[in-house]
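The values are calculated or read from the model by the stated rules, or taken from the named source; none is laboratory data. The shown structure was predicted, so the numbers you read here are calculated from the model rather than taken from an experiment. Backbone-built Cβ (ideal geometry, glycine too); neighbour counts: all protein chains shown. Note: areas computed on protein heavy atoms with side chains; ligands, DNA, RNA excluded. Shrake-Rupley method; radii C 1.70, N 1.55, O 1.52, S 1.80 Å.
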Amino acid sequence: MAHVHGSTITGLGAYRPGRLMTNEELSAATTVGPDWILERTGIATRHHAADGEDVVTMAAEAARKAVGSAGVGLDEIDLLIVATATKRQRMPGAAPRVAHRVGIPACGAFDVNAVCAGFTYAVSLASNAVRLGEARNVVVVGADRMTDYIYPEDPATYVIFGDGAGAVVISRSATADIGPVVWGSDGGRAPVLETRVFDDGEQYVAMDGPLVYKWSTVTMPAVARRACELAGVELADLDWFVPHQANRRIVDNLAGRLGIPDEKVARDVVDTGNTSAASVPLALGALRDSGRTSPGDLALVLGFGAGLTYAGQVVRLP
């Protein structure tokens, strides 16, 4: 039997495209005004990728920063996982190309597509690989270029999504700093958030916003409580709540239902928009960069969205 190790997050990295889109700029291309956008979504700005910023490019930049933050050697990284749903080229996966760009071409590498829950799914896979001794260090990246799949004539999706990538390094540890995952799916409701072929023959995101809102705000509190229970902590013990940054209304509703104080809630969505699999690691990076976190802080991370899929766990921050 393999010896079971502990696992911990040792590094964080983020990449946001340089093009910052305001509500005023977006309103000029769609059918709603900037005040409507802010009121309905709570989003003030989001980043849109330029032509040279594809999923692989953004993921590699975030991964490099995470590895540098972790202080591990490239020869000590045994696995790289990319969570993404928006890579245009179906084959090969993004992960081998990202690993090559970072300088670790011989490591294991694969993609995960659980859309907005992809990063939290991948964290669990990476943690288990480290705990079972199958890898010493694992790079986990969430990266999505959502703007390839938004349609100006559908403001419900056009105004909320942005692009970006966030990454962590998960390493072997003497302590168990990544709690058990709580995950699940509801494929019977898949049509409420999916890509569809529109009249112009292209695929875009189509979403039933009210149903997504109701599902997430009703279902996710129980997932959050169960993740804390499995980790052996109370909600009151948390230093941070970092849910998928779907929109501010959902983030605020979840925090309220769980009784988590405002000052403990990540709201990177206001500045970055909904970046799908990238949203949780980008929010973690934003918290660190703000100077508000300390090493060892307890954070509940929660991913949920298309599929419908969800996953969450309690982690200690580096």
Furthest towards positive pole of dipole, Ala135, Thr31, Ala83, structure part the chain, Cβ charges: Ala135
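Once the other residues with Cβ under 12 Å from the Cβ of Ala83 are scored (Lys, Arg +1; Asp, Glu -1), what is the net sum? Please report the intermediate quantities before stating the final value.
Details: positive: Lys87; negative: Asp111, Asp144.
Cβ neighbours under 12 Å give a net charge of -1.
Ratio to report: Rg/Rh of the range 1-147, with Cα atoms as the point set and Rh obtained by the Kirkwood method; give two decimals.
Numbers: Rg = 17.6 Å, Rh = 16.6 Å.
Expressed as Rg/Rh, it is 1.06.
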With helices defined as uninterrupted DSSP H runs, which ones in the chain have an alpha carbon span along their own long axis of at least 24 Å and mean Kyte-Doolittle hydropathy of at least -1.0? 209-231
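Over the range 35-110, what percent of the accessible surface lies on carbon and sulfur atoms, probe 1.4 Å?
Details: 1830 of 3490 Å².
Carbon-and-sulfur percentage of accessible area, whole number: 52.
Taking Cα pairs under 8 Å and at least six residues apart, what relative contact order does the chain come out at, in percent? Can you show the working numbers first?
On the way: 810 pairs, mean separation 82.6, N = 318.
That works out to 26 percent.
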With -39,500 (n - 2.57) per DSSP H segment of 4 or more residues and division by the full residue count of the chain, the 222 nm estimate, nearest 500 deg cm²/dmol, is -10000 deg cm²/dmol
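Quick one: putting +1 on the C-beta of Lys and Arg, -1 on the C-beta of Asp and Glu, what dipole do you get for the range 20-164 around its Cα centre, in Debye to the nearest 20?
Numbers: 12 positive and 18 negative charges, 111 e Å.
Roughly 540 debye, rounded to the nearest 20.
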Do any GluC sites (Glu not before Pro) in the range 228-317 lie in a DSSP loop with no more than 12 other beta carbon atoms within 10 Å, and if so, which? Glu234
Distance between the range 206-265 and the range 298-318 - C-alpha centres, whole angstrom: 9 Å
Put +1 on the Cβ of each Lys and Arg and -1 on the Cβ of each Asp and Glu in the range 186-309; which of Val242, Pro261, Gly201 then has its Cα farthest toward the positive end of the dipole? Pro261
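Evaluate the charge dipole of the range 16-89 about its Cα centre and quote only its size in Debye, nearest 20, assuming +1 on the Cβ of each Lys and Arg and -1 on the Cβ of each Asp and Glu.
Details: 8 positive and 11 negative charges, 20 e Å.
Here the range 16-89 has a charge dipole of around 100 debye.
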With every protein chain kept in place and a 1.4 Å probe, the chain has an accessible area per residue in Å² of 40 Å²
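How big is the dipole moment of the chain about its Cα centre under a simple scheme where the beta carbon of each Lys and Arg is +1, that of each Asp and Glu is -1, and everything else is neutral? Debye, nearest 20, please.
Values: 28 positive and 36 negative charges, 143 e Å.
So the magnitude is around 680 debye.
For an R0 of 22 angstrom, estimate the FRET efficiency from the Cβ-Cβ distance between Asp262 and Thr31 and round to the nearest 0.05. Working shown, then result.
Values: r = 32 Å, r/R0 = 1.47.
The value I calculate is 0.10.
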Would you work out which of Val4, Ala59, Gly164 lies farthest towards the positive end of the dipole of the chain, given +1 charges on the beta-carbon of Lys and Arg and -1 on that of Asp and Glu, about the Cα centre? Val4
How high is the relative contact order of the range 180-318, given as a whole-number percent (alpha carbon pairs under 8 Å, six or more residues apart)? 34 percent
Largest-first principal axis extents, alpha carbons of the range 60-177, Å: 52, 28, 24
Can you tell me what the convex hull of the Cα atoms of the range 1-51 projects to on average, as an area in nm²? 7.5 nm²
